């Protein structure tokens, strides 16, 4: 028992020494796109930890010790929500024992700020890895990103009132640049309108809806179920016959299934960044959108 | 054409027409005029209806446009709901009445078929009495442990979880309370308090539910020193340091009813533990977790016949490597734990009522396992475990038991797997037990979030 008491004492001492007053708000971001948005909205007023990279599948991240340590120190957690992180974020929050981010103002879920597409009318895992909250891959819809930016900026201002003016000014600046970029992207993407694509996972519905493209097939037989050769074989005819523009996959996805289908159909397989950092060009949200459109346009012969 | 149809309709519909044979010429003329008037009226009516339909269509179109405009403006304008806490925004709108607050329910179904070259009922482990849950699996079909778990936030300060297990012992079904605990969620400075019945946080595997294991059964040191897993009624205090390095320290006090303890000594506080775990990343592709733990027990008539004081030290280490950090898609997990068990007390033979024999001494155990994950579907694992017996005392043995295990798992999805495992167990100098097991394990209900 003595040992236990001294351990606790040691712990308390460590608290006293290890937590000096820091001015910056500490933010834990689950995905790179929200990390990039935080950089736009907060700049050097925020210390941002991004949990995952564009080369990782955010559906199935491990609740690593390093992530628990980061959540432990966070003032705010910014994640996608809609159950995208259901396999790991609840574990991080519980193990970190950080009441600030467990609920309330310290927990910002992007999906709660917008309406999602593809909300399933029937919840049955026989249909694959369905998300009751709808499709959570909305980082490729510029309008939704703008709504999220405004809500996030307001949240930052509420948690860190001292820098509220900065957040407001940075949001205004971002809104101006983003609103100007949208029509530019739409004009650039005009040749993509009405074109068909085959996707790896159903992660592109917001992009295709925005640009007026059509998703005619998915390499995964059901969402979250790895592609099988039998299922891929059924896609050959569809892909060939429907004047398909491209077979698209995210940077983190296994390239083999898309390559297989590409070889048999002559339709190019295109790797899109999917989030900031997904390719060499995607350094921030703007260049991420630019790169995505460039790569899709590059598939037009 | 339409006029003709209308006329015919009118004719059929008019009983006057069929019942008018009286005044031929004049009446025919009158009837024709009447018909013409009717046709005109009907045509006018038709026109009116068409106009109405057009107007309705236009109105519907306008409503659609308005909806679209609303949607666009909602998308473009900051949402009013930002002023509300996100909890309210994310609350399910559909849940109705009392069921809306039902806890998350998850069910683990597990079953196996095992074939042993030696009868598990005659299993003897040199130097280590076999305790309940610490021996080989039964021959043939077996349900193993299937469990149901309920979990939810209780209020803004507490979280609760209840796990019930269904087990079959000697042909009788038992439903047991495996875990039933309350966690605090609002203690400041990284402190967590847990009260109730739960698995101790010592070592690595002990706090993990068996359904997250890489192998069908627990390693020999867990079987011999903890009866596969030590859980009891008690309290736990954990503290997580505010450092870049993951550093967790904590301690527990347990009732001391279950093996390796027994008899709930010290007025029902017979077991005390302390533990520390540290972990981190090396680059993006490597993660590690390591810890040291100690369990001190005062036991009276524990399951292995021991009465007295015992101390168990555990050191554990886990290393995971995965390309790009995608652990579910491939990579290697290596884990090892080392146990050192010290006894100072007496041993009462279960049958003899002779004077108790002194039991003082130390025994050790260790295992190391490596699992290679080919992709999201397949993994292959190998484990070596060994126990070192005491050369003196009531369980003196010159032989140290060991076992080699090979497993192959097929994961259909995150929620289901089939596992084939072969093990070669040498529990004593004269016996070799070759066991082949086919196991299924599925989880249904709420999506679990697993520990590292």
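The values are calculated or read from the model by the stated rules, or taken from the named source; none is laboratory data. Every value quoted in this text rests on a predicted model; they were computed, and no experiment measured them. Neighbour counts run over all protein chains shown; Cβ positions are idealised from the backbone, glycine included.
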Looking only at segment B:308-336, count how many residues are under 30 Å from residue B:264 (Cα atoms) and away from every other protein chain (no Cβ under 12 Å). 8
For residue B:281, indicate whether it is in contact with a strand residue (DSSP E or B) (Cβ under 9 Å, 6 or more places away or on another chain), free of Cβ contacts under 8 Å to residues at least 12 places away in the same chain and surrounded by fewer than 21 Cβ atoms within 10 Å (Cβ to Cβ). yes
Out of (1) more than 27 Å from residue A:284 (Cα to Cα); (2) out of contact with any strand residue (DSSP E or B) (no Cβ under 9 Å at 6 or more places or on another chain); (3) surrounded by fewer than 16 Cβ atoms within 10 Å (Cβ to Cβ), the one residue A:130 does not meet is (3)
Within segment A:197-278, strands (runs of 3 or more DSSP E) holding 1 or more residues that are over 16 Å from residue A:292 (Cβ atoms): A:214-218, A:244-250
Of the listed residues (B:275, B:215), the one being part of a loop (DSSP other than H, G, I, E, B) and within 28 Å of residue B:287 (Cα to Cα) is B:215
For residue A:150, are the conditions met, namely being in a loop (DSSP other than H, G, I, E, B) and within 20 Å of the chain's Cα centre (by Cα)? no
In segment A:134-178, how many are surrounded by 17 or more Cβ atoms within 10 Å (Cβ to Cβ) and under 15 Å from residue A:108 (Cβ atoms)? 20
Could you tell me which residue of segment B:228-244 is nearest to residue B:280 (Cα to Cα), considering only residues that are within 12 Å of chain A (Cβ to nearest Cβ) and either in contact (Cβ under 8 Å) with a residue 60 or more places away in the chain or in contact with a helix residue (DSSP H, G or I) (Cβ under 7 Å, 6 or more places away or on another chain) (or both)? B:244
Filter segment A:225-247 for residues that are over 18 Å from residue B:411 (Cβ atoms) and under 27 Å from the mean Cα position of the chain (by Cα); which is surrounded by the fewest Cβ atoms within 10 Å (Cβ to Cβ)? A:232
Being at pLDDT below 95, more than 27 Å from the chain's Cα centre (by Cα), closer than 28 Å to residue B:243 by Cβ and within 12 Å of chain A (Cβ to nearest Cβ): is that true of residue B:283 here? yes
Residue in segment B:403-412 that is farthest from residue B:424 (Cα to Cα), counting only those that are out of contact with any helix residue (DSSP H, G or I) (no Cβ under 7 Å at 6 or more places or on another chain) and crowded, with 18+ Cβ neighbours inside 10 Å: B:411
Conditions (1) within 30 Å of residue A:293 (Cα to Cα); (2) touching a helix residue (DSSP H, G or I) at 6+ places or on another chain (Cβ under 7 Å); number of the one not met by residue A:163: (1)
Output the helices (runs of 4 or more DSSP H) that fall wholly within segment A:25-134 and possess 1 or more residues being under 25 Å from residue B:154 (Cβ atoms) and within 11 Å of chain B (Cβ to nearest Cβ), or say none. A:65-72, A:89-96, A:99-102
Go through (1) touching a strand residue (DSSP E or B) at 6+ places or on another chain (Cβ under 8 Å); (2) at the interface with chain B (Cβ under 8 Å from one of its Cβ atoms) for residue A:156 and report which single condition fails. (2)
